[in-house]
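Heads up: the structure comes next, in structure tokens.
The values are calculated or read from the model by the stated rules, or taken from the named source; none is laboratory data. Remember, predicted model here, so these are calculated numbers, not experimental data. No Cβ is skipped: glycine too gets one built from the backbone with ideal geometry, and neighbour counts run over all protein chains shown.
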Amino acid sequence: MLNADHIRKDFPILSRQVNGKPLVYFDNAATSQTPQQVIDVIVDYYSNYNANIHRGVHTLSQEATDKYEAARNTIQKHFNAKHNYEIILTAGTTESINLVAQGFTSLLKEGDEIIVSALEHHSNIVPWQMLCERTGAVLKVIPMNLEGELIMEAYNALLSDRTKLVFVNHISNALGTINPIEYIIEKAHAVGAAVLIDGAQSCPHIKPDVQALDVDFYVASAHKMCGPTGVGLLYGKEEWLNKLPPYQGGGEMIDQVSFEKTTYAGLPHKFEAGTPNICGGIAFGAAVDYMNAIGFEAIATYENELLAYGTQRLLEIEGLKIYGTSANKTSVISFNLEGIHPYDVGTLLDKMGIAVRTGHHCTQPIMDFFKIPGTVRASFSFYNTKAEIDALVEGVKKAKMMLS
Ligand SMILES: *Cc1c(COP(=O)(O)O)cnc(C)c1O
């Protein structure tokens with residue numbers, strides 16, 4: 001059983017005050033907080049072995065290279081990739097998606113189709129629109145229902161031998177819906193399409209097994225799972241990574257260079273041009289270790305408890321409506337108070353030390369679907385408590401009184 005009071009001691013930021021009140025951090029879907037164990041790794045890197053990797057024969061460079069590659073292996077094990085060179089370390093989810101979208105330029109032709117879901121983050125819509133503009137491919141969208149769930153009958157109807165790529169997030173950042181990715185992957189493969197899953201929102205809650213999923217690409221960001229910003233991963237099946245051309249030209253990604261012809265390095269270096277975020281990659285590995293030491297089953301059980309409690313308590317407030325009501329969701333509660341703008345609620349909550357997200361959460365199409373300008377989003381992590389949810393409920397009640 002997970003002891004949040006004990007775990008909170010690992011996170012120095014959680015003991016600070018905001019506007020004279022103890023911080024209640026409920027913006028975990030935007031970025032998670034960082035435990036001392038990961039902060040220590042970052043300090044250790046810059047204090048003791050900061051050096052460029054894969055190049056120097058000197059001791060610091062070798063130490064940095066060893067730690068960076070060890071982190072890659074940790075991440076490989078966590079996601080259960082078959083080979084460590086199928087793990088490409090990138091700047092994060094957005095860059096990983098752009099890498100794949102760019103790579104597909106030479107693999108698509110006019111009339112081919114790409115399927116995305118109605119639940120996507122903007123970073124997941126725009127790269128595919130740009131890919132369609134470059135290639136003449138057509139973007140198709142899996143619609144959702146009023147619970148915020150993707151409609152699988154509609155998905156099946158979109159699939160055909162024209163479908164070349166299917167892209168969905170594992171979990172919606174705006175609503176928390178867990179999408180049936182096993183089914184989505186199986187059906188896409190049946191028509192010969194590749195599948196890219198955005199795990200940015202699922203990785204803090206679920207340990208994915210890319211081999212069991214048989215997924216072609218899987219992407220995530222370290223900063224949503226207790227790691228630093230500016231680093232993330234692209235997992236790709238070896239055969240797919242070999243098919244894609246390099247994303248950027250530069251140092252580290254080449255084998256031989258002359259002005260007549262350059263040959264590229266093998267995986268993963270082909271996709272890792274220039275000096276990477278070395279410290280970030282090592283800290284990403286430490287974050288994965290930290291979360292595994294707590295245990296993903298314990299995390300899921302505890303967060304589900306918070307979700308059930310938070311949902312029940314918030315619904316006590318008259319005029320409060322929750323968006324995203326799938327039975328299959330993670331600890332994200334998106335809501336509005338009748339007749340009150342979400343921004344105003346968020347501003348008042350901040351005065352009480354409570355950090356929530358307000359706005360469209362980079363998912364304008366979802367907001368358009370519900371015909372709302374945005375929502376207040378409270379997203380819980382394993383270091384949050386029921387006492388903090390009580391503070392949120394009191395805060396929302398107060399905000400409602402002041403604003404109505
Ligand atoms: C946060 C998020 C992204 C973008 O991640 P970055 O780290 O900003 O690149 C993409 N998709 C989903 C579902 C997200 O939650």
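For residue 135, state whether it is of a type in the set (Ser, Thr, Tyr) and touching a strand residue (DSSP E or B) at 6+ places or on another chain (Cβ under 6 Å).
So residue 135 does not fit the description; no.
Can you report the number of residues in segment 2-55 which are aromatic (Phe, Trp, Tyr) and under 27 Å from residue 348 (Cβ atoms)?
Selection size over segment 2-55: 3.
For segment 91-177, list the helices (runs of 4 or more DSSP H) that sit wholly inside it and hold at least 2 residues that are over 21 Å from residue 191 (Cβ atoms) and touching a helix residue (DSSP H, G or I) at 6+ places or on another chain (Cβ under 7 Å); which are they?
93-103, 126-135
Check whether at least one residue in segment 136-147 is buried (at least 20 other Cβ atoms within 10 Å of the Cβ) and within 16 Å of the ligand (Cβ to nearest atom), and report yes or no.
yes
Of everything in segment 347-371, what is among the polar types (S, T, N, Q) and touching a residue at least 24 places away in the same chain (Cβ under 8 Å)? Give them in sequence order.
363, 364, listed by residue number.
Within segment 28-41, can one find any residue that is among the hydrophobic types (A, V, I, L, M, F, W, C), in a loop (DSSP other than H, G, I, E, B), in contact with a Gly (Cβ under 9 Å, 6 or more places away or on another chain) and at pLDDT 95 or above?
Yes, segment 28-41 contains at least one residue that is among the hydrophobic types (A, V, I, L, M, F, W, C), in a loop (DSSP other than H, G, I, E, B), in contact with a Gly (Cβ under 9 Å, 6 or more places away or on another chain) and at pLDDT 95 or above.
If the requirement is being of a type outside the set (Gly, Ala, Ser) and more than 16 Å from the ligand (Cβ to nearest atom), which of these qualifies: 60, 99?
That would be 60, the only listed residue that is of a type outside the set (Gly, Ala, Ser) and more than 16 Å from the ligand (Cβ to nearest atom).
Every residue, every condition in (1) at negative phi; (2) modelled with pLDDT of 95 or more, yes or no:
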| residue | (1), (2) |
| --- | --- |
| 207 | yes, yes |
| 214 | no, yes |
| 220 | yes, yes |
| 231 | yes, yes |
| 236 | yes, yes |
| 241 | yes, yes |
| 247 | yes, no |
| 255 | yes, no |
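Which of the residues that make up segment 267-276 are out of contact with any Pro (no Cβ under 8 Å at 6 or more places or on another chain) and either in contact (Cβ under 8 Å) with a residue 60 or more places away in the chain or of a type in the set (Val, Ile, Thr) (or both)?
267, 268, 269, 272, 275, 276 - these are the residues of segment 267-276 that are out of contact with any Pro (no Cβ under 8 Å at 6 or more places or on another chain) and either in contact (Cβ under 8 Å) with a residue 60 or more places away in the chain or of a type in the set (Val, Ile, Thr) (or both).
Looking at segment 74-84, can you tell me whether even one residue there is more than 19 Å from residue 293 (Cα to Cα), surrounded by 14 or more Cβ atoms within 10 Å (Cβ to Cβ), within 16 Å of the ligand (Cβ to nearest atom) and of a type in the set (A, V, I, L, M)?
The answer is no; no qualifying residue exists.
Residue-by-condition table, conditions (1) more than 16 Å from the ligand (Cβ to nearest atom); (2) surrounded by 15 or more Cβ atoms within 10 Å (Cβ to Cβ):
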residue: 179; (1), (2): no, yes
residue: 186; (1), (2): yes, no
residue: 195; (1), (2): no, yes
residue: 235; (1), (2): no, yes
residue: 241; (1), (2): yes, yes
residue: 247; (1), (2): no, yes
residue: 250; (1), (2): yes, no
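If a residue must be more than 14 Å from the ligand (Cβ to nearest atom) and among the hydrophobic types (A, V, I, L, M, F, W, C), how many such residues does segment 199-233 contain?
Adding up the residues that qualify gives 4.
For segment 12-34, how many residues are farther than 19 Å from residue 386 by Cα and within 16 Å of the ligand (Cβ to nearest atom)?
3
For segment 1-59, enumerate the residues that are of a type in the set (A, V, I, L, M, F, W, C) and touching a strand residue (DSSP E or B) at 6+ places or on another chain (Cβ under 8 Å).
Within segment 1-59, 13, 14, 18, 23, 24, 26, 29, 30 qualify.
Report, by residue number, each residue of segment 318-359 that is over 20 Å from the mean Cα position of the chain (by Cα), among the aliphatic types (A, V, I, L, M) and over 13 Å from residue 403 (Cα atoms).
Result: 320, 322, 327, 352, 354.
Being touching a residue at least 40 places away in the same chain (Cβ under 8 Å) and either within 22 Å of residue 273 (Cα to Cα) or among the β-branched types (Val, Ile, Thr) (or both) narrows it down to one of 115, 142, so name that one.
From the options 115, 142, the qualifying one is 115.
So how many residues does segment 259-305 have that are surrounded by fewer than 22 Cβ atoms within 10 Å (Cβ to Cβ), over 30 Å from residue 378 (Cβ atoms) and of a type in the set (Val, Ile, Thr)?
3
Go through the residues of segment 70-82 one by one and say whether even a single one is over 24 Å from residue 45 (Cβ atoms) and part of a helix (DSSP H, G or I).
Looking for residues that are over 24 Å from residue 45 (Cβ atoms) and part of a helix (DSSP H, G or I), one finds none in segment 70-82, hence no.
Regarding residue 159, is this residue within 16 Å of the ligand (Cβ to nearest atom) and either surrounded by 24 or more Cβ atoms within 10 Å (Cβ to Cβ) or more than 20 Å from the chain's Cα centre (by Cα) (or both)?
Considered against the rule, which asks whether it is within 16 Å of the ligand (Cβ to nearest atom) and either surrounded by 24 or more Cβ atoms within 10 Å (Cβ to Cβ) or more than 20 Å from the chain's Cα centre (by Cα) (or both), residue 159 comes out as no.
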